[in-house]
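Before any comments, here is the structure.
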Amino acid sequence: MPTKSPLADPRPLLDALRAGTPVPGFPSDALERARSLAAEPASAPPADVEALPEPLALALLEGSVLAGQPALAEALAASSHKGLAKAARKALYRLRSRGVEIAEPHRPSASEASRPVTVAPEPLPALLTSIDGTGERVLEIARPLRGGGVEAIQFLYSDEQGVQRLQVTELSRGDYRRVVKQATSPGDDAAVELSHAEALERLSAAAGLNLRAHTPFPQGLDTVLRHLGVQARDVPLELPPPEPEDERLAYEGHKLHEEPEMRGWLPPMAELERLAHTVDELEASPLALTLAQRNEELIQAAHTQAHAFFAAPAMRQLQASRLWEMALHFERTGKEQPARLARAEARRLAHGVTEPPSRYAERLFEKALLVTMARRAAPEATTPAEVRARARAAEQQRAPSAEPERRSPGGIILP
């Protein structure tokens, strides 16, 4: 007889979610959402819990019971998922037996029962672009308006500064659906669909970054957050520890830079300038070297700078979080191998693994070296956008692919 996994029970599964222990058998995006809610399951939005696979939802329900808070169980007791509703009713019984006051379920009066039921329109999906090498991306959320139209609200936000700007456009529901279809059509810059609930979570976390970084809210953000019922919440990302296969995958980390979404990724401008100074010193060296020897010297210098740059814990964590987000984007666009590489590299960076050396990090600075040499030939290209364009061009020469101007679903030109 097969042995039941300990993680099949709510309590051990809850502990695993909180500890960051690997939990096989669940979609990675659902597992990531469950981990973010497991810290305070009693305050988790019931709709978000209900949308999770049942074992994960039951683990969060168990967490709310352990905290002695009945709100989640009260809400889920009316769930259309029979197993979840049954578990919620049992949870209410456990809480009531511990002396926790439980709200009586609402029973409609005769007049209420005779009233026709108005079915609210199904929430429209949200859109999310991939994250770029500077940590910026665009989130688009549709807010229904009276009369049947929607407000399409775009947020350009950074993983360091939070929401940078927003743009609001009124559309019909049909026009918005056409925007979604066009934005998610296959291509290098395809956005992905998000549920309305996940989009609100991401907006909450982005606005929380504004507070952490002391970045002023852009004009209109307070009003939009209020209309959407969103509160700014700082949600630090905690990545799970490396897995056994990650070491093997580390040797292929450089291949991530061949993906169209990551061709423009570069180190910060200060690192580019530092590398340019190193190149100048090596070029001015009086040593008589062959071209091959000089090139080897330049590549070695780029690798040395890469190792020093990624030695800083804060930078490792930032790069790890970006790769983790890219892994989720790759998964949602059907790119399984790049997703595995990105997750492996993210786990290694987040936990300070340095052996074998990160080929992802070394390739990032090899690209920076190519851009530095190109700037020496055409020094007029000095803005960050021009530098990233040169990086994309350098990668296109390695793996040709026509790449149009990148725009968000509603027309914001992406960096």
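The values are calculated or read from the model by the stated rules, or taken from the named source; none is laboratory data. What you are looking at is a predicted structure, and each value in this text was computed from that prediction instead of being measured. Every residue, glycine as well, gets a Cβ built from its backbone with ideal geometry; the counts of neighbours run over all protein chains shown. Calculation scope for accessible area: heavy atoms of the full protein, side chains included, ligands and nucleic acids excluded. Shrake-Rupley method; radii C 1.70, N 1.55, O 1.52, S 1.80 Å.
Per-structure values
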item: Residue 175 vs. criteria among the charged types (D, E, K, R) and either free of Cβ contacts under 8 Å to residues at least 24 places away in the same chain or in contact with a strand residue (DSSP E or B) (Cβ under 8 Å, 6 or more places away or on another chain) (or both); result: yes
item: Condition met for residue 170 (modelled with pLDDT of 90 or more and either within 19 Å of the chain's Cα centre (by Cα) or closer than 21 Å to residue 207 by Cβ (or both)); result: no
item: Residues located in region 175-195, provided they are at pLDDT 90 or above and either charged (D, E, K, R) or under 21 Å from residue 228 (Cα atoms) (or both); result: 175, 176, 177, 178, 179, 180, 181, 192, 193, 194, 195
item: Hits in region 18-37 - residues which are closer than 12 Å to residue 53 by Cβ, part of a helix (DSSP H, G or I) and without any contact (Cβ under 8 Å) to a residue 60 or more places away in the chain; result: 30, 31, 34
item: Count - residues of region 341-351 that are open to solvent by 40 Å² or more (accessible area, probe 1.4 Å) and either in contact with a strand residue (DSSP E or B) (Cβ under 6 Å, 6 or more places away or on another chain) or closer than 14 Å to residue 27 by Cβ (or both); result: 0
item: Total residues in region 44-83, condition assigned to a loop (DSSP other than H, G, I, E, B) and either surrounded by fewer than 17 Cβ atoms within 10 Å (Cβ to Cβ) or touching a strand residue (DSSP E or B) at 6+ places or on another chain (Cβ under 8 Å) (or both); result: 8
item: Residue match in region 236-258 (condition: closer than 19 Å to residue 161 by Cβ and within 18 Å of the chain's Cα centre (by Cα)); result: yes
item: Condition met for residue 13 (without any contact (Cβ under 8 Å) to a residue 60 or more places away in the chain, closer than 28 Å to residue 347 by Cα, open to solvent by less than 50 Å² (accessible area, probe 1.4 Å) and under 22 Å from the mean Cα position of the chain (by Cα)); result: no
item: Count of region 27-39 residues which are open to solvent by 10 Å² or more (accessible area, probe 1.4 Å) and touching a Gly at 6+ places or on another chain (Cβ under 8 Å); result: 1
item: Scan of region 286-316 for residues that are free of Cβ contacts under 8 Å to residues at least 60 places away in the same chain, open to solvent by 30 Å² or more (accessible area, probe 1.4 Å) and either hydroxyl-bearing (Ser, Thr, Tyr) or closer than 30 Å to residue 350 by Cβ (or both), ordered by number; result: 290, 300, 304, 307, 308, 311, 312, 313, 314, 315, 316
item: First in region 215-244 and among the basic types (Lys, Arg), second anywhere and open to solvent by less than 80 Å² (accessible area, probe 1.4 Å), Cβ under 9 Å, 6 or more apart; result: 233/201; 233/204; 233/205; 233/207; 233/208
item: Scope region 284-322; condition of a type in the set (A, V, I, L, M) and assigned to a helix (DSSP H, G or I); matching residues; result: 291, 292, 298, 299, 301, 302, 306, 308, 314, 315, 318, 320
item: Filter result for the condition that a residue is modelled with pLDDT of 90 or more, assigned to a helix (DSSP H, G or I) and surrounded by fewer than 17 Cβ atoms within 10 Å (Cβ to Cβ), over 331, 325, 281, 273; result: 273
item: Candidate set from region 84-105 (those that are part of a helix (DSSP H, G or I) and of a type in the set (D, E, K, R)); member that is farthest from the chain's Cα centre (by Cα); result: 96
